[in-house]
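Working notes, structure below.
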Amino acid sequence: MFEIVRKEALNPTVMRMDIKAPLVAKKAKAGQFVILRADERGERIPLTVAGCDREVGTVTIIFQIVGGATMTLATLKEGGCVADFVGPLGTPTHIEGLKKVAVVGGGVGCAIALPVARALHEQGCEVTSIVGFRSRDLVILEDEFRAVSKHFYMMTDDGSYGEKGNVCVPLGKLLAGGEQFDEVITIGPLVMMKFVAAATKPYGIKTVASMNPIMIDGTGMCGCCRVTVGGEMKFACVDGPDFDAHLIDFDEAMKRSRTYVEFEAKAREKHCNLFKKEVE
Amino acid sequence: MPKFNMDPKKHPMPSQEPLVRNKNFKEVALGYDEATAVEEAKRCLNCKNKPCVAGCPVAVDIPAFIALVAEGKFEEAYEVIARTSSLPAVCGRVCPQETQCEGKCTRGIKGEPVGIGRLERFVADYHMAHSSAPAKKPQPNGHKVAVVGSGPAGLTCAGDLAKLGYDVTVFEALHVAGGVLVYGIPEFRLPKAIVQKEVDGLKALGVKIETDSVIGRVLTIEELKEEYGFEAVFLGTGAGLPRFMGIRGEGAKGVFSANEYLTRTNLMKAYEEGSETPILHAKKVAVVGGGNVAMDAARCAKRLGAETVYIVYRRSEAELPARREEVEHAKEEEIVFRLLTNPVEILTDADDNVTGLRCIRMELGEPDASGRRRPVEVAGSEFEMEVDCVIMALGTSPNPLIKQTTPGLATQRRGEIVADENGKTSLDGVYAGGDAVTGAATVILAMGAGKTAAKAIDEYLRSK
């Protein structure tokens, strides 16, 4: 059992938890992920590490309430426990030697873009952060991003905060203006990462996307998390989760990510009915 | 000495009716009762040269335990098996006895061999049901050994070392111990409660089990040795990433590796109402491959409600690598065999859902390196099968994690860990066995490797 040391709602559907897991905290690096189960009957949920405190021995996770399993997780209280917490999994994001990088995050993906931006900043790299959200009430981690970025761009789809538009607008302008980056690192919805990759491709700037496909074991056994990269089958849990964004077959990944949409919708409905009953 | 029973046939295994069992996940084989076990045991001739023992990878003293069963001394029979086997209830169920002990049985020359597997299972189940005596903890010898992976190789190695007094810790990546016994082999062939009891038995011997621990990530082999004081390490990390065919459509929705399909179904209990892990409830399923894993996946698909389940295999029935018994069980459960058939493309709709499998007919040519006749495509014989789910059961490559994170550990080109006949690897004090060394094989071979390595580790630590 792993204790939930701290729990905080970042916006109506995004939750932050600090989980006591000293061995994982000691090893986890930006870009790696953990798998947890809320309770004994729970699904194995893969979540990219949003930060860790090696002194206290905690790992921070930030997750969006999407289906049944994340709903169950969100009901757990500070001081309570998750049944299982395993990691760090996957290969860390390669940041060595990078001097000037654009980090492009979207939605809850910003939670995992932040530790990458922070790690880059800490090694003296000039970080340009571009973050996008649907609207003002969904914005998370703005201050944290500002603290580690030389340049910071806030975008919302509806213009209710920052600039109106998606993350490719400022990115496109920077690139068109002749801005040179060693690398662009993008983490967020698949469709956003696909467009970020398309925006950087003409300039030949190396672009890395952090994939978050459906997973079960997360240790290189089940083969569920396969992604086509440059025509080859790769497994996000051991070969990734970072891949060359110019080579990823995003269209296939988007279709695969929708495999259990119907199941999740049903699970959500069932959970909501349970909540209703409790309220009644 | 009891009188021999000269019936040329084994006592049949009581089983659930095929068309009942293919709709539930309860165990197919129900096991002998006491009277049947005694009668079957009387078929053993108690041969002096014990050919059956030579056929057993863990060298169970088969005639000795069977003689005790014939006398109704079931608990004593268990003690004989337990001397050499750590997991008798598992072996009695999943060992390929027909090619091992029973394949060597003298009675098999002029009839059916003694039902050794069925008797082993009976004895193990009898023990579980009747014994309440706590296991005797061996005298600790003060030496620490780490075992990585809690599948059949790891559990056997851990059990044997614990019996010798070693302080053994087993590290398991998943949330429950058992490895392939819990994520791979389905409930209806090996109930998970049985695996749990075997694991509990090891804990009673003093074995510690650390779940949720991916060695190579959270701790490296070097850290286990240098920082945690383990004097030897056994690697039983098992089979790894599934192989695919490299044909078009393998990324489509409704295509699974057998590992994924079985893990969702078995480990995550997706077949149970209330499980949070989803599974596709397909109507027409094609399982590609002919091994035991393919049979397991096909039989799971049927139980999950598929109307039609095909086994698609490129060679003929004689070459099916699955155990004969598994093939028969699958056929009884109305699994349809499409033999001498090889997929060339997975067909999909606009939304990338599987709609069919385009296949080509095959014929057998000259024998290949494996000694089996090589399947050759029949030109112009392509045809389509209508399916909404394809499960690839084509074997696996070893897990890459340990290799990636353990400098100096020699591996084969494909990633299998290099180990000698005693399980010794290229690193001092590091031993390995099971699928991680051999590539995908059987539970009992992994157990044999775990056993051999335990002996080698004991000798290594004694000589230090």
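The values are calculated or read from the model by the stated rules, or taken from the named source; none is laboratory data. What you see is a predicted model; the values in this text were computed from it and never measured. Neighbour counts are summed over all protein chains in view; Cβ atoms, including those assigned to glycine, are modelled from backbone coordinates with ideal geometry. The accessibility values were calculated without ligands, DNA or RNA, using every heavy atom of the protein model including side chains. Shrake-Rupley method; radii C 1.70, N 1.55, O 1.52, S 1.80 Å.
Points to keep in mind about this one:
- Flag if A:Ala102 is without any contact (Cβ under 8 Å) to a residue 24 or more places away in the chain, out of contact with any Gly (no Cβ under 8 Å at 6 or more places or on another chain) and either part of a strand (DSSP E or B) or at the interface with chain B (Cβ under 9 Å from one of its Cβ atoms) (or both): no
- When A:Phe85, A:Phe63 are checked against the criterion of being open to solvent by less than 10 Å² (accessible area, probe 1.4 Å) and at pLDDT below 95, A:Phe63 stands alone in meeting it.
- Residue in segment A:42-56 that is within 12 Å of chain B (Cβ to nearest Cβ), under 27 Å from A:Gly240 (Cα atoms) and open to solvent by 20 Å² or more (accessible area, probe 1.4 Å) present: yes
- Residue selected from segment A:61-71 under the condition over 25 Å from B:Val214 (Cα atoms) and among the hydrophobic types (A, V, I, L, M, F, W, C), by the criterion nearest to the other protein chains (Cβ to nearest Cβ): A:Met71
- Residues that are hydrophobic (A, V, I, L, M, F, W, C) and under 23 Å from A:Cys222 (Cβ atoms), drawn from segment B:399-438: B:Leu401, B:Ile402, B:Ile417, B:Ala432, B:Ala436, B:Val437
- Where strands (runs of 3 or more DSSP E) sit wholly within segment A:130-241, those with at least 1 residues that are touching a residue at least 24 places away in the same chain (Cβ under 8 Å) and surrounded by 15 or more Cβ atoms within 10 Å (Cβ to Cβ) occupy A:151-156, A:183-187, A:207-210, A:226-229.
- Filter pass, A:Ala38 being away from every other protein chain (no Cβ under 14 Å) and modelled with pLDDT of 90 or more: no
- Just so you know, in segment B:56-91 the residues that are of a type in the set (A, V, I, L, M) and assigned to a loop (DSSP other than H, G, I, E, B) include one that is surrounded by the most Cβ atoms within 10 Å (Cβ to Cβ), and it is B:Leu87.
Let's see how each residue does on (1) in contact (Cβ under 8 Å) with a residue 24 or more places away in the chain; (2) more than 14 Å from every other protein chain (Cβ to nearest Cβ); (3) open to solvent by less than 40 Å² (accessible area, probe 1.4 Å):
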site	(1), (2), (3)
B:Ser381	no, yes, yes
B:Met385	yes, yes, yes
B:Thr396	yes, no, yes
B:Lys403	no, no, no
B:Thr406	yes, yes, yes
B:Leu409	yes, yes, yes
B:Asp420	no, yes, no
B:Gly439	yes, yes, yes
B:Thr442	yes, yes, no
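- Among the residues listed as B:Val94, B:Val53, B:Val38, the single one being out of contact with any Pro (no Cβ under 7 Å at 6 or more places or on another chain), touching a residue at least 60 places away in the same chain (Cβ under 8 Å) and open to solvent by less than 50 Å² (accessible area, probe 1.4 Å): B:Val94
- Positions within segment A:212-232 being away from every other protein chain (no Cβ under 13 Å) and within 21 Å of the chain's Cα centre (by Cα), in sequence order: A:Asn212
- Checking every residue in segment A:72-84 against the condition of being farther than 28 Å from B:Glu227 by Cα, within 12 Å of chain B (Cβ to nearest Cβ), in a loop (DSSP other than H, G, I, E, B) and of a type outside the set (Ser, Thr, Tyr) gives zero matches.
- Looking only at segment B:226-239, and only at residues there that are open to solvent by 20 Å² or more (accessible area, probe 1.4 Å) and touching a Leu at 6+ places or on another chain (Cβ under 9 Å), the one that is farthest from the other protein chains (Cβ to nearest Cβ): B:Glu231
- Checking each residue in segment A:16-41 for being open to solvent by 20 Å² or more (accessible area, probe 1.4 Å) and within 30 Å of B:Tyr271 (Cβ to Cβ) picks out A:Asp39, A:Glu40, A:Arg41.
- Residue check, B:Thr277 facing chain A (nearest Cβ under 9 Å) and touching a residue at least 12 places away in the same chain (Cβ under 8 Å): yes
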